[in-house]
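In what follows, a single structure is set out as structure tokens and then discussed.
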Amino acid sequence: DKINRLPKIIPLFKKRIKLISDIVDSAGYFFKEKIEYTPEARAKLNNKELLKNIKNKAMDINPFNLQNIEVSLRQIVDELSISPRDLMQTIRAAVTGRTVTAGIFETMSGMGKELFLSHLEQAINLIV
């Protein structure tokens with residue numbers, strides 16, 4: 001399954017990657033089961049209810065593709081009256097452990113639904 005992610009992932013990073021080994025540094029969260037959070041990303045994880053709402057909405061996205069992901073996230077923005085930037089940054093921090101990544105829709109699609117939900121659950125469990 002991890003190998004099947006490569007065709008979606010490589011285009012996201014081709015400008016940043018010089019060697020194939022750079023993928024691990026730039027995109028390791030696409031392949032690792034356990035996320036390592038930077039202090040900056042960890043600081044953005046402060047709303048457990050929002051993350052649960054995102055998870056519930058994401059579980060209903062079928063197929064889990066760019067278009068459906070974008071529609072679903074825009075619905076969350078409207079329903080919760082949250083800024084798109086705040087929502088995207090929260091998701092980015094939760095599922096990548098970083099504050100700077102490729103576009104969030106592409107990142108989510110590249111991860112696939114199962115890995116995305118797993119990473120989101122890790123972030124939910126970090127918040128007390």
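The values are calculated or read from the model by the stated rules, or taken from the named source; none is laboratory data. As the structure is a prediction and not an experimental result, all values here were calculated from the model. Glycine gets a Cβ as well: all are built from the backbone with ideal geometry, and neighbour counts include every protein chain shown. Just so you know, the surface numbers come from the protein's heavy atoms only, side chains and all, with ligands and any DNA or RNA stripped out. Shrake-Rupley method; radii C 1.70, N 1.55, O 1.52, S 1.80 Å.
The residues listed here are GLN67, GLN122; of these, the one that is more than 21 Å from ALA43 (Cβ to Cβ) and assigned to a helix (DSSP H, G or I) is GLN67.
With respect to the conditions (1) modelled with pLDDT of 95 or more; (2) under 23 Å from LYS32 (Cβ atoms), ASN62 lacks only one, and its number is (2).
In this structure, VAL95 qualifies as of a type in the set (Val, Ile, Thr), open to solvent by less than 50 Å² (accessible area, probe 1.4 Å) and at pLDDT 85 or above. Any residue in segment 74-90 that is assigned to a helix (DSSP H, G or I), of a type in the set (D, E, K, R) and crowded, with 21+ Cβ neighbours inside 10 Å? No, segment 74-90 has no match at all. Annotation note: of ILE35, ILE54, the sole residue that is of a type in the set (A, V, I, L, M), modelled with pLDDT under 95 and closer than 18 Å to ILE127 by Cβ is ILE35.
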